[in-house]
Amino acid sequence: MQELRSLTPQEIERLQSQNCECADWTRVKVSAGFNPHFIKNTRFSGKIKLGVLENEFELAGGLKKHSCINNAVIHNCEIGNNVVIENIQNYIANYLIGDNCFIQNVDVILVDAKTTFGNGTEVNVLNESGGREVHIHDKLSAHFAYVYALYRHRPNLIKRMKAMVDYYAGKHASDMGSIGNDAMIVNVGYIKNVRIGSFCKITGAMKLKNGSINSNKQAPVYVGRNVIAEDFIISSGSRIDGGCIISRCFIGQACHLDHGYSASDSLFFSNCQGENGEACALFAGPYTVTHHKSTLLIAGMFSFMNAGSGSNQSNHMYKLGPIHQGIVERGAKTTSNSYVLWPAKVGPFSLILGRHYHHSDTSNLPFSYLVENNNATHLAPAINLKSVGTIRDAKKWPERDKRKDPDKLDFINFNLLSPYTIQKVFAGVSILKNLQATAGETSEIYTYQSCIIKNAALKRGLELYEIVIHKFLGNSIIKRLENTRFTSNEEVRDRLKPDTTVGSGEWIDISGLIAPKSEIDHLLCQIESGEVSKLKEINNVFKQLHEQYYTLEWTWAWEKIQEFYSVTPETITAEDVIAIVEKWKTSVVKLDEMIYTDAKKEFSLSFKTG
């Protein structure tokens, strides 16, 4: 705000003539160019700072309204230039209000004590009874929350991470709320201890208490009709509308909650959608989507997930309470009326059909179907690899990234095939071959993790897993050698050498970020030792790992190429590379033919009705 001055006697007289009151006019300071003409029927108290009222707003329908302050009670506020504050039923207290704000038909907006605006709120995610709680903050990423919730076996790490959140919350605590520039708040009920970012639009919300709405010009936030939110943080670009009720929740960037969705003790990260249904103790990683009234997501961790209508889970067995949780790894889907009794773990890009009670762990059998048959779980390994739906999903996610904020909180890897999924494919091959060796190749059925695998399904799974290994490793070597001319085998060998030793060994998916486990472990050790002590430093490491993904991926892929194709860095030749590429080509063609055949089913005669 510009340099301020006291009111002149003439200005005080003018304000009083317009039915304005103040017990002590000397505590009211105004900007140069202040004109009292547009302030009427208003009572001021406490320390007041006022900007100029010069501009007009053009509203929907073409109506023009001059900036003004009318019919309001304002206590201890700093008000920017060219605002509309009108028809405040109770009062506005202890707020910094930015330029060009439009606040009309509001019950009350206040801060009543020093508050952290939702930062530091404890969210009992995954385990409804507690023990995996995440303390939310403005800069929370899916990856930070993943570690915070799941690494409870490292108490010193959790203690350090909580200290960082506490420091951040304390640093941003204040007894003054803020409403950023160009915000609009219209027909709203109760707002208490809420920080509202620039360009935010709040229309018709019923109650907002103890939270932050991190809107900005590039990615405004919209909060709509009949929304009730308590103990929350809403990140940039998100939309909460249609009577949603949220309590103790973090809403990530570009999320959309609508049509009466209710959520408690839940975390939603980038591009999540929730409509009609319910969430409780939900860890919704990026692109978790649920649209149906009868769907409950409870005590589970998901990402890149689409929940069918009537999808439900149970987090207790009616004995010791809601103490269980489950993990459904990236890319999974549930069909209508699916059910899983936690605890359970489902591998990436799997499809869940029917009701499952046997606490299976299929995390090392990716791309599978889990199908209920006579109250048993039947597993079809790898079958989802030939589904056109899997390919469609992989293509649609990057296209549906609605984040406009240049400061991204989550670092999302969209790759269908990666060291993370392919290492699980290798593990799946080992599991299936061990089952064959143990029970015999002629056995009609095999049992794994309380799941039944038919002989034909096992053999088909091995075939599909081999195809996808050839595809991924072939993709990797082609990418490494493309756009380069070679005159000798030695030049080929030099190019195949990794740029770094980082990337070998196990890889993990920490809710959207795919990275070598060694590097995540190194970061966690740095946090425990105090070498990394700020939230910004942690997010920078996540960002670097994301940016270096393809460099690190090649380190892993090159090791697997040597192992899988029995080649060595010292002796590999152009002919070996050609042989690998030929196998890649055969596998890609086979897989594409399967996907094409699957897609054709959508257009068969039996589907042509009406």
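Before moving on, here are some points about what is shown:
- Net charge of neighbours whose Cβ lies under 11 Å from the Cβ of I179, counting Lys and Arg as +1 and Asp and Glu as -1: -2
- Nearby aspartates and glutamates by direct alpha-carbon distance to K333 (threshold 15 angstrom, same-chain neighbours under 8 apart not counted): E372, D393
- The orientation-averaged shadow of the Cα convex hull for the chain, equal to a quarter of the hull surface, comes to 35.1 nm².
- Taking amide H positions as modeled 1.01 Å from N, with prolines and chain starts lacking one, the residues under 5 Å from Y448 and 5 or more places away or on another chain are I453.
- S294 paired with N226, simple spin-label distance in nm, labels 7 Å along Cα-to-beta-carbon: 2.2
- Given charges at Cβ of Lys, Arg, Asp, Glu: the chain dipole, positive-most of S504, I109, G389: I109
- For the pair the range 204-245 and the range 89-159, the centres of their Cα atoms are 12 angstrom apart.
- Charge sum, other residues only, whose C-beta stays under 9 Å from V227's C-beta, Lys/Arg counted +1 and Asp/Glu -1: +1
- Shown in residue order for the range 101-110 are the 3J(HN,Hα) couplings computed by the Karplus curve 6.51 cos²θ - 1.76 cosθ + 1.60 at θ = phi - 60°: 7, 10, 10, 8, 6, 10, 6, 8, 10, 8 Hz (x for Gly and Pro).
- Proximal lysines to K159, defined as alpha-carbon separation beneath 29 angstrom and excluding residues fewer than eight positions away on the same chain: K114, K139, K171, K209, K345, K408, K517, K534, K536, K543
- Hull volume in cubic angstrom per residue (convex hull over the Cα atoms of the range 459-610): 199
- The Cα-based radius of gyration of the range 273-371, divided by its Kirkwood radius, gives an Rg/Rh of 0.93.
- Mean Cα-pair separation over length for the chain, i.e. relative contact order, pairs under 8 Å, 6 or more apart, %: 8
- Computed on the range 1-99, with alpha-carbon pairs under 8 angstrom and 6+ residues apart, the relative contact order is 22 percent.
- Rounded if a/c under 1.5, otherwise prolate or oblate - the range 154-229, Cα gyration tensor axes: prolate
- Under 9 Å, Cβ to Cβ, from G512 - net charge with Lys/Arg +1 and Asp/Glu -1: -1
- Non-local lysine pairs in the range 1-99, meaning eight or more places apart or on different chains, with alpha-carbon distances under 24 Å, amount to 7.
- Helix 155-171 axis versus longest C-alpha principal axis of the chain: approximately 30°, rounded to the nearest ten.
- Of the beta bridges in the chain, as assigned by DSSP with both residues counted there, near 15 percent are antiparallel.
- Here the range 489-572 is treated as an ellipsoid with the same Cα gyration tensor; its semi-axes, largest first and in whole Å, are 31, 12, 11.
- T586-R460 FRET efficiency (beta carbon distance; Förster radius 25 Å; 0.05 resolution): 0.90
- Rg followed by Dmax, in Å, when the range 1-98 is reduced to its Cα trace: 12.8, 41
Every number here is computed from the coordinates shown, using simple stated rules; none is lab data. Quick caveat, the model's predicted, so the values are computed rather than measured. All Cβ positions, even for glycine, are placed from backbone atoms using ideal geometry, and neighbour counts span all protein chains on display.
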